[in-house]
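The values are calculated or read from the model by the stated rules, or taken from the named source; none is laboratory data. For clarity, every value in this text was computed on a predicted model and none was experimentally measured. Cβ: placed from backbone, ideal geometry, glycine included. Neighbour counts: every protein chain shown.
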Amino acid sequence: MPPRHVRQRKLTKATLQQVLREDQIESAEYDSNHNHQHVETGVERHEENEYHLQAALASTGGGKASEEIPAPPAEKTVDINYDALYSLKFKKPATYIRVSYTVEEVTGCQYDMDSEDDTWLQAYNQGKSASQKLSEDDFEKIIEVFEDTTENHTPFAAVDNTLIPFETMSAQIKLRLPSKLLDIAEHVYGHWKDRKQASGNKSIQPGLKFEINKDDDDADPYVCFRRREVRQTRKTRARDVQSVDKLKKLRKELEEARQLVALTHSREVQKQTMMINEKAIFDQRYKVKVAKTKLGIKGDDEDFINQKPQKRKSEFPQPQRTAPGTQLRLPGRSDGRPLEADLILLSERLAEKENMLQKEIEEKTQQHRRWNQGHVDLTRDPLSPANGQGPETGFRPATAQYQYLMTPPSSVTSESFDHQSPAQEKQESFAFRYSSPPEEEPRGQPAYRRRIGRGGRLWIDRRGMSAIKNDENMSDRWKYDQDDEEEQPVYELDPHDTNALRFRATIPFPPHFYPQHGRQDNRPRAPGPPANIRAIAAVQNPAAPP
Amino acid sequence: MAGQEPAVGSPAPKQKGKATIDTLKIGCLAMVMKEGRTRRAEVLSIKETKSGRQFYCNFDNFNKRLDEWVPAARIDFEQEVEWPNPELPKEAKKAAAPVAKKTTVTKKSQKRPAATREASIISAESETPKWSDSMESQKATPDVEGEDKTALKLELERDAATPNYEDDDAMDGDETAIKAIKAKKELPDPPQSRAEEIEKLRVGGSMTQNQADISRIRNISKVQFGNYTLYPWYFSPYPESFTQEDLMYICEFCLCYYGDLKAFTRHRHKCAMQHPPGNEIYRDDYVSFFEIDGRRQRTWCRNLCLLSRMFLDHKSTYHDVDPFLFYVMTTRDEKGCHLVGYFSKEKESADGFNVACILTLPQFQRKGYGRLLIQFSYELSKIEGKLGSPEKPLSDLGLLSYRQYWTENLIEILLDFNEREDKVSIEALAAHLAMTPHDVESTLQALQMQIYHKGEHKIVLPMHLIKRHEMLKEKQKTKPKRVIDPARIQWKPPTFTAAQRTWGW
């Protein structure tokens, strides 16, 4: 047997082991690893051998009925009125409970009167009328104030045996309790004082023993819940660097604050010297005046009073000019140094003008909108711009010479189209909607617009060229319905719609109206332009979608 | 079995002699009637009652919770008593003896980092004895070098004098070899002096091994808690004046404590708490779990610790509750959520413990709640993606509960592997159950399941365990076992900033 022990391979945590039932293996064939081993239990050693524990362990290992470790039992209390003591009913909330209130917050008054207090209180209330009686709640509140005040004012009362006089207490009572309790409090004070002295000037309520002084405390098992010492943080390079950075920053901030204070100081000192100088000047002037009067020189009084403003005036040549900026100026800048902010820049002026123009335009737009407010559109598909009323910039009327040419003018870049000076903008006419559709539609006049699309593709939008009516509302209908191209076009018409009928009756048939609805225009269209604008890909990009 | 090994008192030879009721003093070892026969017991305290003098006795190899006040009639004065040794206070010797033993096997102890670390602490301590003679706790410290040597000498003497010591389970084979194995196994938790222990508790943990003498004696006799009367098992640092009371009252919901019925009634009149003051993180039709932060709910958590200290011998109340989270299990009824049990957990455990203290209140014990608590602690570890283990030392009941939980779960998995004829490693088992591999291994060892067969390590499932497992399964068909449903847990592992870690959570 012993040699086999030596030969055993080492068992590691990662070793894969076969799992067998006892009846799947011949017991004579193997060695148990435990014949002589003491299994670690984690129980303290001198308790490990305890009689009942050993019996219980033996029973679990041996398959006998498990033995229990005897323990003093708990019993149902018979002589207590549980329902009276625990009278509150509990309602289980539907969700998991989440609270953070502490014991102190839900137990009300922190003083609980005991039987000794009860005896005193009953004696005190003896023979008093119901209104004169001191309730248990009020009694506790008064004692609570006494105890709190003691703890706050004389935390070492138990050691130096000080007792707070009633005068101090009454001030606290006045602060915290209704005034009617003040008189009674004086009586309670006597009782409280007696109890306090009986308890060695400690808290009347029995409390835990906390650490007071280290020497006796350590061995006293009644002293509990000591503060744990602050744990040492591990010193690492990163932490060092962090600390250094923090200190540096702090130092810099302190230095800045110090400089600020120093500068403020010197400023105030200079102000003071200035005032002294001014006073000196004034004094000198006064002397001059006196001398003048003495000598009988009948000069103007101006040199006495007016001189200064005059001087000031010369210093500040344009006091009015600073007016718009006054609220922005620091009060300390009264030394007359002109501020950069006071300079009126050309760009500001221009911007101001531009703003004014913009405002005017907007106002007018608003006005027109107001005019058009009650307007009811009877047309099914308004021909004038329905969505955006904004100016349709960018379209240039094609002049006669270009009318039949496909190449649009290329001399103007799209940028210059987009960015126009405010002066030009003002002259731009608006396509305002009036109560009736405008007589002359721009469609008759061919126009072009060049723009740069996604991926740098150059687009030419033309207007007034196409004769194809492109119904905006219907176009979607055929978007994914290519198969039906051969089918008869479907007109969505409400046979009872008199509006359409009436409208139709009022207008002549457009000359370029062709009923080619089925034809789809898959190309991206310019955002917001009237329906008959078609966009075509420029020649530069043949790969553009058909 | 090591049942007969004297656990009470010093192994050193004692002066023996007959005693009378008047001469019997604290520290004496006498023969006292307990459970039908006389047993060796240490007298820890003496009090006078109307019916005569009573002695507080701690019995050999009986847990402290069975300590009791006995009248003189139960003490056998016919037999000699062992007198306490005046030079060497009992506790010191008790603690010192294993230290001496350790010196013979230091080489082996090096294998375990935990053991070496603690051993080095001991040696560092013993070089600089800093305890003043006036300190009471010095009794419990083996760190004065002279004392250490005496202890070693005593140990050797005793070994020579009683060659059969430890012989109970050393029936076969080389005696010294077995002794070495035993010693090695015992090493991972070498005894600590109170100073070291306090030092350790400063950094983390919640368990203590050394206690001052007063705390060896139960101080509260009876507790009224909710609808139950509890009989405390151990000392708890409730206000000292309560030791005079026959009955202490504890509010079931806020856990505040009262020695006076009037005060308790007044408190109940005002107290509006109906469930633990924290966030509910689990709810099924049977129980709810609440998570409570020791720092935010200091009063409540302190109250909970005081309460649980009455039933947990090794629970430390030395330090405050700030670095712990408390997971509280409750049952619901129309009055509120009643505390059933709880476990505490360090916000950041250096040793990877997923439970610090764990307790089912006595009135709810032996009903399967402990298993739910344990399962919940492992479910939280699974969410954290960590392997967990309870903090040591375990109590006897703690060990049994954990063993049961571990066994049931391991058997279930292993039977599954057996059916699939698949191989499994200890690591895989550990990962599956969020247990540490060490716990898996020790459970397999305890169940004697590890074997060596045809040049391979194998796991064998003993028939009695399979049978029991099948019986359990059968029983569960009619009466399903209560388990935690992980899907009902609404919980994210709490995170803490560096500043919180540094400045005490």
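Tell me, please, whether a residue that is under 20 Å from residue A:72 (Cα atoms), of a type in the set (Ser, Thr, Tyr), crowded, with 20+ Cβ neighbours inside 10 Å and within 7 Å of chain A (Cβ to nearest Cβ) can be found in the range B:203-224.
Yes, the range B:203-224 contains at least one residue that is under 20 Å from residue A:72 (Cα atoms), of a type in the set (Ser, Thr, Tyr), crowded, with 20+ Cβ neighbours inside 10 Å and within 7 Å of chain A (Cβ to nearest Cβ).
Looking at (1) in a helix (DSSP H, G or I); (2) surrounded by fewer than 19 Cβ atoms within 10 Å (Cβ to Cβ), find the lone condition where residue B:370 falls short.
Only one criterion is unmet by residue B:370, namely (2).
From the list A:184, A:276, which one is over 28 Å from residue B:238 (Cα atoms), touching a residue at least 40 places away in the same chain (Cβ under 8 Å) and assigned to a helix (DSSP H, G or I)?
Matching residue, one of A:184, A:276: A:184.
Against the definition (touching a Phe, Trp or Tyr at 6+ places or on another chain (Cβ under 7 Å) and either among the hydroxyl-bearing types (Ser, Thr, Tyr) or not in a helix (DSSP H, G or I) (or both)), how does residue A:124 come out, yes or no?
no
So that you can scan it fast, the table gives a plain yes or no per residue for (1) buried (at least 17 other Cβ atoms within 10 Å of the Cβ); (2) more than 30 Å from residue B:322 (Cα to Cα); (3) of a type in the set (D, E, K, R):
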| residue | (1), (2), (3) |
| --- | --- |
| B:412 | no, yes, yes |
| B:423 | no, yes, yes |
| B:446 | yes, yes, no |
| B:457 | yes, yes, no |
| B:503 | no, no, no |
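Can you tell me which of (1) facing chain A (nearest Cβ under 9 Å); (2) more than 22 Å from residue A:41 (Cβ to Cβ) is the one residue B:465 doesn't meet?
All conditions are met except number (2).
Pull out all pairs, ordered by first then second residue, where Cβ-Cβ is under 7 Å, the residues are six or more apart or on different chains, the first lies in the range B:54-66 and is within 15 Å of residue B:29 (Cα to Cα), and the second is polar (S, T, N, Q).
B:56/B:45; B:61/A:49
Look through the range B:381-400, keep the residues that are without any contact (Cβ under 8 Å) to a residue 40 or more places away in the chain, out of contact with any strand residue (DSSP E or B) (no Cβ under 6 Å at 6 or more places or on another chain) and closer than 23 Å to residue B:469 by Cβ, and return whichever of them is surrounded by the most Cβ atoms within 10 Å (Cβ to Cβ).
B:397
Can you tell me which residues in the range B:450-461 are more than 7 Å from chain A (Cβ to nearest Cβ) and modelled with pLDDT of 90 or more?
Once the filter is applied, which keeps residues that are more than 7 Å from chain A (Cβ to nearest Cβ) and modelled with pLDDT of 90 or more, the range B:450-461 yields nothing.
Check whether at least one residue in the range A:109-120 is among the aliphatic types (A, V, I, L, M), under 41 Å from the mean Cα position of the chain (by Cα), within 7 Å of chain B (Cβ to nearest Cβ) and assigned to a loop (DSSP other than H, G, I, E, B), and report yes or no.
no
Scan (1) within 8 Å of another protein chain (Cβ to nearest Cβ); (2) at pLDDT 85 or above; (3) surrounded by 12 or more Cβ atoms within 10 Å (Cβ to Cβ); (4) more than 21 Å from residue B:441 (Cα to Cα) for the single condition residue A:55 breaks and write down its number.
Unmet for residue A:55, out of (1) within 8 Å of another protein chain (Cβ to nearest Cβ); (2) at pLDDT 85 or above; (3) surrounded by 12 or more Cβ atoms within 10 Å (Cβ to Cβ); (4) more than 21 Å from residue B:441 (Cα to Cα): (1).
Restricting the range B:291-305 to residues that are in a helix (DSSP H, G or I) and among the basic types (Lys, Arg), which is nearest to the other protein chains (Cβ to nearest Cβ)?
B:302
Within the range B:269-278, does at least one residue satisfy the condition of being without any contact (Cβ under 8 Å) to a residue 40 or more places away in the chain, more than 7 Å from chain A (Cβ to nearest Cβ) and among the hydrophobic types (A, V, I, L, M, F, W, C)?
Among the residues of the range B:269-278, not one is without any contact (Cβ under 8 Å) to a residue 40 or more places away in the chain, more than 7 Å from chain A (Cβ to nearest Cβ) and among the hydrophobic types (A, V, I, L, M, F, W, C), which makes the answer no.
Tell me which of these residue B:369 doesn't satisfy, since it passes every other one: (1) within 12 Å of chain A (Cβ to nearest Cβ); (2) within 30 Å of residue B:272 (Cβ to Cβ); (3) not small (Gly, Ala, Ser).
Residue B:369 satisfies every listed condition except (1).
Do you know which residues across the range A:80-92 are facing chain B (nearest Cβ under 9 Å) and either assigned to a loop (DSSP other than H, G, I, E, B) or hydrophobic (A, V, I, L, M, F, W, C) (or both)?
Answer for the range A:80-92, where residues must be facing chain B (nearest Cβ under 9 Å) and either assigned to a loop (DSSP other than H, G, I, E, B) or hydrophobic (A, V, I, L, M, F, W, C) (or both): A:80, A:84, A:85, A:86, A:87, A:88, A:89, A:90, A:91, A:92.
If you check B:447, B:414, which single one turns out to be out of contact with any Cys (no Cβ under 6 Å at 6 or more places or on another chain) and within 27 Å of residue B:489 (Cβ to Cβ)?
One residue alone meets the criteria, B:414.
State all residues of the range B:427-446 that are facing another protein chain (nearest Cβ under 7 Å) and more than 18 Å from residue B:382 (Cβ to Cβ); if no residue qualifies, say none.
B:442, B:445, B:446
Please find, among B:377, B:349, B:344, B:308, the residue that is more than 12 Å from every other protein chain (Cβ to nearest Cβ), in a loop (DSSP other than H, G, I, E, B) and of a type in the set (Ser, Thr, Tyr).
B:349
From (1) surrounded by fewer than 13 Cβ atoms within 10 Å (Cβ to Cβ); (2) part of a helix (DSSP H, G or I), pick out the condition that doesn't hold for residue A:200.
That leaves (2) as the condition not met.
If I ask for residues that are polar (S, T, N, Q) and without any contact (Cβ under 8 Å) to a residue 12 or more places away in the chain, which ones from the range B:453-499 would you list?
Passing the criteria: B:476, B:478, B:495, B:497.
Residue by residue through the range B:56-67, note down the ones that are touching a helix residue (DSSP H, G or I) at 6+ places or on another chain (Cβ under 7 Å) and part of a strand (DSSP E or B).
If the condition is that a residue be touching a helix residue (DSSP H, G or I) at 6+ places or on another chain (Cβ under 7 Å) and part of a strand (DSSP E or B), then B:58, B:59 are the ones that fit.
The rows are residues; the columns are (1) part of a loop (DSSP other than H, G, I, E, B); (2) at pLDDT 95 or above.
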site: B:215; (1), (2): no, no
site: B:221; (1), (2): yes, no
site: B:229; (1), (2): no, yes
site: B:242; (1), (2): no, no
site: B:246; (1), (2): yes, no
site: B:253; (1), (2): yes, yes
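Any idea which of (1) in contact with a Ser or Thr (Cβ under 7 Å, 6 or more places away or on another chain); (2) within 11 Å of another protein chain (Cβ to nearest Cβ); (3) closer than 30 Å to residue A:88 by Cβ; (4) polar (S, T, N, Q) is the one residue B:316 doesn't satisfy?
Condition (3) is where residue B:316 drops out.
Report, by residue number, each residue of the range B:273-317 that is of a type in the set (Ser, Thr, Tyr) and buried (at least 21 other Cβ atoms within 10 Å of the Cβ).
B:282, B:288, B:308, B:316, B:317
Suppose we filter B:490, B:476 for residues that are loosely packed, with under 14 Cβ neighbours inside 10 Å and among the polar types (S, T, N, Q); which single one remains?
Only one candidate qualifies: B:476.
Please verify whether the range A:238-251 includes one or more residues that are in a helix (DSSP H, G or I), within 14 Å of chain B (Cβ to nearest Cβ) and touching a residue at least 24 places away in the same chain (Cβ under 8 Å).
no
For residue A:74, all conditions in the list (1) within 25 Å of residue B:287 (Cβ to Cβ); (2) facing chain B (nearest Cβ under 7 Å); (3) out of contact with any Leu (no Cβ under 6 Å at 6 or more places or on another chain) hold save one; what is the number of the exception?
Here residue A:74 clears every test but (3).
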